[in-house]
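The values are calculated or read from the model by the stated rules, or taken from the named source; none is laboratory data. Quick caveat, the model's predicted, so the values are computed rather than measured. Don't worry about glycine lacking a Cβ; one is built from the backbone with ideal geometry, like all the others, and counts go over all protein chains shown. With ligands, DNA and RNA removed, areas are computed over all heavy atoms of the protein, side chains included. Shrake-Rupley method; radii C 1.70, N 1.55, O 1.52, S 1.80 Å.
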Amino acid sequence: AVTAAMRLGAVLSALRPALPLLLGLSLGCSLSLLRASWSHGAAEERCLAPGPPAPPARGPLPEAAEGRPGPGHEDFRPRIVPYYRDPNKPYKKVLRTRYIQTELGFHERLFVAVLTSKATLNTLAVAVNKTVAHHFPRLLYFTGLRSAKVPHGMVLVAHGDERPIWLMYETMNYIHQHFGSDYDWFYIMQDDTYAQAEQVKALVTHLSINQDVYLGRAEEFIGGDEQARYCHGGFGYLLSRSLLLKLRPHLDSCRNEILSVRPDEWLGRCIIDFLGITCVSQLQGQHYHTYELAKNIEPEKEEEEEFQAALAVHPVSDMTLMYRLHKQFSRIQLDRVYQEIRDLQMQIRNLTALTPAGEAGVTWPVGINAPFLPKSRFEVISWDYFTEQHLFSCPDGSPKCELSGASKADVSEIIESAVEQLNRRYQPLLRFSKRQLLNGYRRFDPTRGMEYTLDLLLEAATQKGHSHVLAKRVSLVRPLSKVEIIPMPYVTEATRVQLVLPLTVQDLDFVANFLDMFAMNTLDVHDNALLTLLFIYHPYDAQRVGQVDVFAGVKAMVGELEKRYAEVKIPWISVKTEVPSQVKLMDIVSKKHPVDTLFFLASVWTEINMEFLNRCRMNTISNWQVFFPVHFQEFNPVLVYHGEQTASSNTDFLRDGHFDRHSFAEACFYNSDYMTARTKLAADILDRDEVLESMEVFDVFLHYSGLHLFRAVEPGLVQKYTLRSCNPRLSEELYHRCVLSNLEGLASRSHLAMALFEQEQANST
């Protein structure tokens, strides 16, 4: 009996943590059964209710005829349209967008229009642009007449007339025509208005887009109806997309029939007369707070609650006042954020004390993710050692390098922050000052941010003037901030890709495989891609081309492809040089193609596929970004498979190899971007063409373009192992990178160790 009781107690103790889960499941199942029985009973009562006979179970419902809901019904029966393709029509590839948001017709959230004038364009409008413009996703400036020079970084629309009513009429027309179908909310403000951008964005996130919204500071019409209100333009106002669509057909009538001096009154009267909607300052529980500035105001001394809660303030008389307002509201917002952080940290401490781990479960800093815990020695994140002058983990692999640039600024800032935090904690009893950084360590933890450990030699001074030198270790964390999606221009997949393949005599053994993969993955599937071959002749081979053409076999293969695909033409360009500089070769190709050509500079070991070509199109943006993929290089099969297996299976894909970061041979870019960067390079080097032999296309874009260089691993570019020939006539850096690529492409460290072990075993026997 005692044994049975002990067993029962053990079972109950084991099941105790799962009791809440079991109770929840039981309660959920019971409620589901009860709800099903209630629904069934309600359905039976409807069937027995008196009235006209119900429609038959089969066939379409009367209110759902033609796939449309009847009056008073929100639900309807869907109608399936069968797919049919006419066999007599040629096959056409369907190109779909890669963005779900575009395909489903989603809208952007907020569009901002700023009304300005020629007199204030270079003053107040510039101040608006520098303070709040970067917080809004899309902002345009509207004016009647424009000055000769538009300020940098501002998108300006000039209507050609300074009359206020005409400016408002043309602005509303322009917004509806160009952005009416792209945005849900439209915020109209003047250049003498300061708006808290983050507060405005937060406001629209809490409003429903299904209502006609006219929200702002409600004002009475002079001598008009007491019930009607218009939104004061000086404090900005918010319009919904549905209201803008309904208002557009009546704008011409409003222009001809409504007389007003103020544009905001004119717009408000137009909305009231034709739509019956008046301006409100409160909607759906959200308040549009405003504050009217007095003359000679001191923003730094304003402590009124109305001022601190304002979304918009008006009137702003000059640029200096705009900047002071921005500084004060930024300080107010920062104080709110710090207070919110402190409140959240206190809540975390209180809740953590109730957990099984207790106070020991609180991480430092409170609210930041705990440090990453490696599961094996291969996942250990190493620390980088540094001093105030040197870094002992250098990007180029050298053991010691001078601390400079962003790294030096980072170290200086973290030391200052450490001393500041110490003084904040121990003042007024002690005052610390830095003498020397003894040791510094830092590492990047992807789960929380950059971690630092500093050994500081400090001088501590007391209130009585006594001082003492001591060493103290401090730990700091620079946490990861909020992830922000950078807006990028829209790109489609319909762009034609022009492949450029440079060939030397050493590449002849691999051309056949390249052409076969190109035909199978692009020509057979009718992908929008073309190929141009670049034959690089050595001067000796060029002299004998009449007797023996080293590229005759390749030209024969090209002829066979053109016979097999009648609509395809593969041109080639012959070049004679001893040093095949990538930049010089690209200069020749660039002149023979239009400026809007999208180039893919390939290598003979590249296996072309549609997946990568689509990423080449998506990642290359004209006048914005170029793409340099890092291909995956397979290891030497002799060392990896020992003659037992010659190719990786599907389960081993991207395992027996590495991404070759030393190679910059593949690149995607537009011809117009290359020509612009090449022009700047020519002006820099003048007639010193020998400089081009030490450069690649990557260097041209890096130093002379100002574009975004997108460098990322590309699993769609897989190259078989081969020992590449490195031209010693190239620059020392290019030759060194080629040698490193060959060495690192042999095998992994484990495979090389196994090969050495087997060789030593063979030698010992």
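Some values worked out for this structure:
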item: Cα-derived Rg over Rh, computed across region 430-481 with Rh taken as Kirkwood radius; result: 1.15
item: Distance (nanometres) between label positions extended 7 Å along Cα→Cβ at Lys592 and Glu388; result: 6.1
item: Portion, in percent, of the accessible area of region 101-321 that falls on carbon or sulfur, probe 1.4 Å; result: 47
item: Region 187-266: GluC sites (Glu not before Pro) falling in loop per DSSP and having at most 14 other Cβ within 10 Å; result: Glu226
item: log₁₀ of I(q)/I(0) at q = 0.09, 0.10, 0.13 Å⁻¹ - region 497-752, Debye sum with one point per alpha carbon; result: -0.41, -0.52, -0.90
item: Over 28 Å (Cα to Cα) - which of Lys400/Lys434; Lys130/Lys295; Lys130/Lys301; Lys375/Lys720; Lys563/Lys592 fall in this group; result: Lys375/Lys720
item: In range of the label at Glu304: residues from region 182-212 whose backbone nitrogen is under 19 Å from the point 7 Å along Cα→Cβ; result: 193-196
item: Sequence of Thr676, Thr447, Thr620 when ordered by accessible area, the most exposed leading, probe 1.4 angstrom; result: Thr676, Thr447, Thr620
item: Loop GluC sites (Glu not before Pro), region 284-375 (other Cβ atoms within 10 Å of the site Cβ: 10 or fewer; DSSP); result: Glu303, Glu304
item: Sequence-distant residues sharing a close amide H with Gly449 (under 5 Å, placed H); result: Leu480
item: Percent of Cα pairs exceeding the 20 Å cut-off, where the set is region 119-215; result: 43
item: Rough spin-label spacing in nm, given labels placed 7 Å along Cα→Cβ, for Glu567 and Gln543; result: 4.7
item: Cys29 accessible area, assembled protein chains, probe 1.4 Å, Å²; result: 80
item: Low-density loop positions, trypsin sites (Lys or Arg not before Pro), region 265-357 - DSSP coil, at most 15 other Cβ in 10 Å; result: Lys295
item: Radius of gyration, Dmax [region 101-321; alpha carbons; angstrom]; result: 16.8, 53
item: Cα convex hull of region 316-385, projected area averaged across orientations, nm²; result: 9.1
item: For region 525-615: rounded, prolate or oblate by the Cα gyration tensor [a/c cutoff 1.5]; result: oblate
item: Relative contact order (%) - region 497-752, alpha-carbon pairs under 8 angstrom, separation at least six; result: 25
item: Inter-centroid distance (Cα atoms) of region 539-575 relative to region 211-272, Å; result: 71
item: Per residue accessible area in Å² of region 497-752, where ligands, DNA and RNA are left out and the probe is 1.4 Å; result: 48
item: Projected area, mean over directions - region 554-597, Cα convex hull, nm²; result: 4.3
item: FRET efficiency, 1/(1 + (r/R0)^6) with R0 60 Å, evaluated for Leu354 and Leu743 via beta carbons; result: 0.55
item: Size descriptor, Kirkwood hydrodynamic radius, that averages inverse alpha-carbon separations across region 338-463, Å; result: 17.4
item: Heavy atoms of Tyr674 accessible to a 1.4 Å probe, total area in Å² rounded to 10; result: 0
item: Sequence of Arg431, Arg425, Arg661, Arg448 when ordered by accessible area, the most exposed leading, probe 1.4 angstrom; result: Arg425, Arg661, Arg431, Arg448
item: Largest-first principal axis extents, alpha carbons of region 229-278, Å; result: 26, 25, 14
item: Computed E for Lys118/Asp689 - FRET, C-beta separation, R0 30 angstrom, nearest 0.05; result: 0.05
item: Percent carbon-and-sulfur accessible area, region 497-752, ignoring ligands, DNA and RNA, probe 1.4 Å; result: 55
item: Using θ = phi - 60° and Karplus 6.51 cos²θ - 1.76 cosθ + 1.60, couplings along region 395-403 (whole Hz; Gly, Pro as x); result: x, 7, x, 6, x, 8, 8, 6, 7
